[in-house]
Amino acid sequence: LELDRYLALVETANPMHRLWSDGRWIKVQLANGCYWHRCAFCDVALDAIGDYAAPDPAQAVDALSEMARATGLNAFHFTDEALPPAALRGVCREIVARGAAFSWWGNIRLDAAFDDSLVAAMAEAGCVAVSAGLECANDRLLTLMNKGITRRSARRVCERLAARGILVHVYLMYGFPTETAEETIDALDFVRGLFADGLVQSAYWHRFALTVHSPIARAPEPFGIRIPPAPPAGRVFARNEIAYEEPGAPDHAALGEGLRVATFNYMRGAGLDLPASAWFAPPRRRKPGRARTSGR
């Protein structure tokens with residue numbers, strides 16, 4: 001590619017959010033799959049996620065060095081489902097030992113394995129930012145989805161990253177089965193605190209989507225949802241997202257708008273002194289027993 005002919009585009013001045021469009025990052029996958037591969041909402045039945053294979057640190061850094069030599073670029077975006085802590089420690093050690101001047105960022109889990117020593121090694125090896133799934137930011141729901149983290153442990157990892165000057169983007173989720181309006185607002189308040197304390201710089205709320213290869217799709221009953229019979233197959237390329245019914249669910253679409261507006265302001269340092277409830281309109285009355293259907 002003639003990379004010098006490509007423009008660097010800035011969608012937002014937010015230093016973390018702009019990484020997706022500003023600058024030139026070589027996309028690299030260190031490991032195949034996810035080392036955790038247990039989240040109930042994730043397509044863990046697919047080999048691309050469930051069949052985890054760790055990289056050899058020396059071979060990985062050999063490949064990075066060759067790509068840097070061939071392109072003249074030393075900036076990498078690791079696109080792994082989640083960078084594995086054990087393998088990442090070895091990669092960082094190898095980068096530092098070789099004196100390689102790399103700049104990189106990638107996806108992680110807010111896993112307690114990202115302790116002080118690992119985060120320090122990441123910073124020394126050129127890590128400038130991470131993106132991480134905090135999901136519903138509610139301990140009951142994190143347990144239900146088998147995320148393997150708690151709000152407290154996630155915040156602690158963010159504190160370690162912030163102490164080393166590593167920027168943080170959090171992926172967030174709303175509308176998870178059984179989630180109440182009160183839990184959604186409480187989650188926003190937790191996220192507000194992360195922004196207010198300078199522990200995260202960027203965030204985005206995704207509406208929960210039920211997918212075919214997830215544990216929830218295989219056993220929906222514990223999550224309080226019902227999957228109606230699939231319509232007859234027509235001319236379709238693929239069927240991955242599944243419609244479902246959740247009786248008594250709150251108006252997730254309306255809640256999502258409040259989350260979007262609040263986070264838009266948080267990323268600009270505005271509205272952090274407001275209560276989380278201020279971003280939401282009063283709930284609309286609904287008919288008893290009415291079911292909610294998934295959608296984006």
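The values are calculated or read from the model by the stated rules, or taken from the named source; none is laboratory data. What you are looking at is a predicted structure, and each value in this text was computed from that prediction instead of being measured. Cβ atoms come from the backbone with ideal geometry, glycine included; neighbour counts cover every protein chain shown. Quick note on the areas: whole protein, heavy atoms, side chains included, nothing else; ligands and nucleic acids left out. Shrake-Rupley method; radii C 1.70, N 1.55, O 1.52, S 1.80 Å.
Tabulated values for the structure
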quantity: Kirkwood-type radius of the chain, with distances r between different C-alpha atoms, in Å; calculated: 20.7
quantity: Between the stretch 77-136 and the stretch 153-217, the alpha-carbon center distance in angstrom; calculated: 19
quantity: Residue-span extension gain [residue 38 to residue 52] - 0.36 nm each, minus C-alpha spacing; calculated: 3.9 nm
quantity: Estimated FRET transfer efficiency (residue 146, residue 197; beta-carbon r; R0 30 Å; 0.05); calculated: 0.60
quantity: Estimated vicinal HN-Hα couplings, Hz - the stretch 201-208 in sequence order (Karplus 6.51, -1.76, 1.60; Gly, Pro = x); calculated: 10, 8, 7, 8, 9, 9, 6, 4
quantity: Rule-of-thumb Rg ratio for the stretch 91-164 [Cα; 2.2 N^0.38 Å; N residues]; calculated: 1.22
quantity: Kirkwood Rh in Å, taken over the stretch 1-64 so that all alpha-carbon pairs contribute; calculated: 14.8
quantity: Square roots of five times the Cα gyration tensor eigenvalues for the stretch 1-138, Å; calculated: 24, 20, 16
quantity: For the stretch 139-244, radius of gyration divided by Kirkwood radius, i.e. Rg to Rh on alpha-carbons; calculated: 1.07
quantity: Carbon and sulfur %, accessible surface of the chain computed with the full protein complex present, 1.4 Å; calculated: 54
quantity: 20 Å reach of a label modelled at residue 171, 7 Å along Cα-to-Cβ, counting backbone N of the stretch 16-31; calculated: 16-22, 25-31
quantity: Any cysteine of the chain lacking a neighbouring Cys Cβ under 4.7 Å - listed by number; calculated: 34, 92, 127, 136, 158
quantity: Near-label residues of the stretch 12-26 by backbone N, under 13 Å of a point 7 Å along Cα→Cβ of residue 100; calculated: 26
quantity: Between 0 and 90°, nearest 10: helix 57-71 axis offset from the chain longest Cα axis; calculated: 80
quantity: Interchain or long-range residues, amide H under 5 Å from residue 76's placed H; calculated: 26, 103, 104, 105
quantity: Virtual paramagnetic centre 7 Å along Cα→Cβ of residue 5, amide N under 20 Å, in the stretch 49-72; calculated: 70-72
